[in-house]
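Following: one structure in structure tokens, then a few remarks.
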Amino acid sequence: MTDQAETRPRGSSRLWLLLPFGLFFALSALFYERLTAGGNPSVIPSALINKPVPDFAMPALEGLTDDNGPVPGFATADLKDTVTLVNVWGSWCGPCRAEHPYLMALAERDDIRIFGINQKDKPANARRFLGSLGNPYKAVGVDPRGRVSIDWGVYGVPETFVVNAQGCITHKHVGPLTEELIQTKLLPAVEAARASTEPCAAS
């Protein structure tokens with residue numbers, strides 16, 4: 001009787017050995033294509049895009065003042081009637097320091113309002129950060145345990161959201177802002193939010 005192992009073509013065994021490598025490279029190529037689709041991989045799709053901002057209320061950063069007096073915290077209801085940039089930051093975050101000059105430049109514009117979510121920070125450190133680098137925020141809400149950030153779907157810090165006048169999240173950027181990103185991604189997203197008149201999608 002002829003042994004079945006001897007009659008099996010040698011080429012078929014080689015194909016079985018190569019199959020895992022082929023699957024690995026195919027999955028790697030797919031992952032790379034999805035990651036780089038749309039230009040900037042730091043623009044991560046969010047389940048909250050075109051949805052209303054979460055229900056939240058954050059207290060002010062204690063002791064933070066500007067020329068108008070104490071800088072307030074903010075809540076869901078404050079993110080309506082005008083387009084707002086919501087920036088998630090912390091004094092402990094190195095990339096936040098790198099992007100801060102760009103936020104300061106944006107804050108000089110009369111047509112852009114920036115609110116800040118101060119995540120998992122010590123009040124004294126947060127005040128020192130803004131006292132040293134400047135305060136671009138019209139309101140700063142304190143999120144000491146990161147619970148509000150979780151509701152916003154925050155992946156890391158810094159992150160920046162565009163919220164339209166209807167209180168819908170229309171754009172999300174993960175990572176530090178740069179001049180190029182502001183010009184090519186953020187400002188067009190702000191203009192699109194201004195033009196939007198549709199109500200938020202159901203949450």
Can you tell me how segment 72-149 classifies by the Cα gyration tensor, rounded, prolate or oblate, using a/c under 1.5 as the rounded cut? oblate
Kindly write out, for segment 187-201 in residue order, the coupling ³J(HN,Hα) from the Karplus curve 6.51 cos²θ - 1.76 cosθ + 1.60 (θ = phi - 60°), rounded to whole Hz, with x marking Gly and Pro. 5, x, 5, 5, 5, 5, 5, 5, 7, 6, 10, 6, x, 5, 5
Counting other Cβ atoms within 10 Å, which chymotrypsin sites (Phe, Trp or Tyr not before Pro) in segment 112-202 have at most 14 and lie in a DSSP loop? Tyr155
Just the C-alpha atoms of segment 57-195: what Rg/Rh do they give, with Rh taken as the Kirkwood radius? 0.92
Restricting to lysines and to Cα separations under 23 Å from Lys120, and discarding same-chain partners fewer than 8 apart, the set is Lys138, Lys172
Taking amide H positions as placed in the peptide plane 1.01 Å from N, state which residues far from Ala139 in sequence (5 or more) or on other chains have amide H under 5 Å from it. Gly116
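Bear in mind that the values in this text are calculations on the coordinates, not laboratory data. Computed from a prediction, not measured in an experiment: that's the story for all the values here. Ideal geometry is used to build each Cβ from the backbone, glycine not excepted, and the neighbour counts take in all protein chains shown.
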